[in-house]
Amino acid sequence: MKFERTWTGNWENAFHGLRHPMESYAKGDTGWYDDTPTNEHLCGNQAIKVDSQNAMFLGIGPNDMDLAQRMIKAGTPNDKFLRQIFVSIDITAPLYWWKEMDTYKVGTTANSTSTMHKLATTLITLDCFEMDDFSSNIEFEYSINQVWDNIIDYCECLRQKYNETKDIKYWKELIRILPESWLQTRTWTADYSVLRNIYHWRKNHKLSEWRQFCNFIVNNLPYGKELIEFDN
C-alpha cells in the first residue's frame, strides 16, 4: 500500500465551533502564525497547512485538547467537531481491500483510476499487484510462483490481443480474470470521525492492509494519537 498527497483542513473552524455550546471562546488556546513561507504539513504540535488561507496552524492548546477529548469521551453527538476536520489521501491498495473500505460510505468520497478505461493501456507485471505478504513457501503440489507467472502471462496476452484486435471479448475476459490483488489508486476523502471509527474497528484486523492503514492515520495525520487513537 502507498499513501500520498495527504491533506487535512478546517481545523480553525472545527475548534472554534467546539466552543459554541458554552460560548467559551476566551478559553480557546489554539495558536496561529500568518504568512508562513512553507507549505509543509507536519504532525503533533507543529505546523499544519490550512486550506484556503495563507496561514499555518501552530497547534491545539491544552485547553482546547482537554475539551476535545472530553467531548470524544462523551460520545455522539458531542464529538461532532471531528466530522468538521477534513482529510484527503491518495491511497494505492489492492481491490480486495477497497471492497472492504467501501463499507464506509457515510462522509466519504473516492475518485479512482479506471480499470474500465485504462486497464488495457497498462503493461501487466508483478508490480501491478499487492505482494507485500506474498510467500513462495505455500505448500502445494505445484509452485505458487508458477501460478502467478501463468496468471500474469495470461492477463498480459489478453491485454495485447485486445489492443491488436479491439475485440471486446478479450477485454471482458481480462476484467473477469483480473486478480483482486490488482493495485488501484483512489483519492479518498473523509473526516476524523470516520477515521476514528475505522481505527477502533479495524486496528487489529487479520487483513494486514487494515493494520497498515490504521498505523498510518494515527502516526502520520496531525493529532492522530490524540483524536483518532485516543481511547475513551
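Just to verify a result, which residue in the range 61-94, among those that are under 14 Å from the mean Cα position of the chain (by Cα) and of a type in the set (A, V, I, L, M), is nearest to residue 197 (Cα to Cα)?
Only one residue fits best here, namely 87.
Residues that are modelled with pLDDT of 90 or more, among the polar types (S, T, N, Q) and surrounded by 14 or more Cβ atoms within 10 Å (Cβ to Cβ): list the strands (runs of 3 or more DSSP E) wholly contained in the range 28-140 that include at least 1 such residues.
It comes to 86-94.
The values are calculated or read from the model by the stated rules, or taken from the named source; none is laboratory data. Keep in mind the model is a prediction, meaning the values are calculated, not measured. Neighbour counts run over all protein chains shown; Cβ positions are idealised from the backbone, glycine included.
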